[in-house]
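Reading through the structure tokens given below for one structure.
The values are calculated or read from the model by the stated rules, or taken from the named source; none is laboratory data. As the structure is a prediction and not an experimental result, all values here were calculated from the model. Cβ atoms come from the backbone with ideal geometry, glycine included; neighbour counts cover every protein chain shown.
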């Protein structure tokens with residue numbers, strides 16, 4: 001989990017960051033809800049520590065094709081062995097209009113976990129959750145957070161395969177709706193449910209925050225209507241991650257000596273300062289170099305600097321740029337990464353003096 005060292009700090013951090021931000025700096029890192037299409041197989045985002053417990057819905061036993069889960073009260077009422085998805089609390093959506101209304105005494109409703117052997121999940125994971133098991137269900141998890149700190153929440157979503165309809169899911173953060181994507185089923189196949197990845201930035205209000213995925217289908221026309229009787233086959237979710245959300249500030253271009261210092265400013269999405277040595281900025285540069293005058297130039301890529309974030313600043317002392325590059329430009333990519341934080345990158349053009 002995030003340590004208290006990642007809380008906002010004032011004083012020298014604010015003074016240093018303010019002096020650096022007097023120049024034109026470009027931020028890296030999204031702070032609005034976006035939707036991206038699924039990357040091709042074999043591609044994956046940089047690995048970061050997921051602050052959620054069991055965000056990929058792995059089960060303690062396997063292999064399996066499908067397994068259904070209901071609220072804890074169901075197992076108490078039916079005197080059966082309790083089952084649960086590690087890290088998550090299963091609930092059932094209560095709607096008096098639904099034919100399969102949840103709640104005592106039958107606790108109808110829940111979720112199903114499917115494996116790769118049944119429905120193809122997104123790359124990098126082996127299972128997904130369908131938000132219906134004998135009735136609409138929901139999933140929740142309380143996660144340790146730092147009050148005032150922003151986090152990036154991401155997950156994959158898709159419609160259940162084999163039917164033609166559209167259904168939505170409510171994504172809740174501390175009881176507030178933060179997203180409600182709609183999935184168009186259109187007879188997708190189990191081998192290609194057309195997964196999409198969703199992102200949104202949320203802010204913690206205390207030391208513990210509640211994340212919920214709720215399938216609450218719209219049921220118009222009363223309990224006997226067609227809309228109420230066709231709430232089965234809910235939407236699917238997979239690979240849910242939560243990471244601290246930060247921004248990286250660098251000038252888009254700068255003139256430096258081959259061993260000069262480059263200052264990178266780090267801020268939270270709400271502008272709060274950071275002092276956390278586990279956050280590291282790595283700078284990698286690329287340039288064209290001639291080995292001999294009569295041969296075409298070759299591309300050189302080299303790590304130029306690594307620095308931890310202290311008082312909202314990472315001081316990058318350049319190394320490895322040859323003297324022959326004086327008067328030329330190096331295209332450098334700075335990447336900010338750390339356990340529990342979303343990775344962000346930014347390009348800076350360095351004119352070597």
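Consider residue 339 carefully, then state whether it is in contact (Cβ under 8 Å) with a residue 60 or more places away in the chain, assigned to a loop (DSSP other than H, G, I, E, B), touching a helix residue (DSSP H, G or I) at 6+ places or on another chain (Cβ under 8 Å) and surrounded by fewer than 22 Cβ atoms within 10 Å (Cβ to Cβ). Judged against the criteria, residue 339 is not a match. Evaluating residue 240 against the criteria (1) at pLDDT 90 or above; (2) surrounded by 20 or more Cβ atoms within 10 Å (Cβ to Cβ); (3) farther than 20 Å from residue 112 by Cα leaves one unmet condition, (3). Considering only residues in region 312-334 that are closer than 30 Å to residue 202 by Cβ and crowded, with 17+ Cβ neighbours inside 10 Å, the one that is modelled with the lowest pLDDT turns out to be 312. The strands (runs of 3 or more DSSP E) found entirely in region 107-179 that carry 2 or more residues being under 23 Å from residue 75 (Cβ atoms) are 111-115, 127-130, 137-144.
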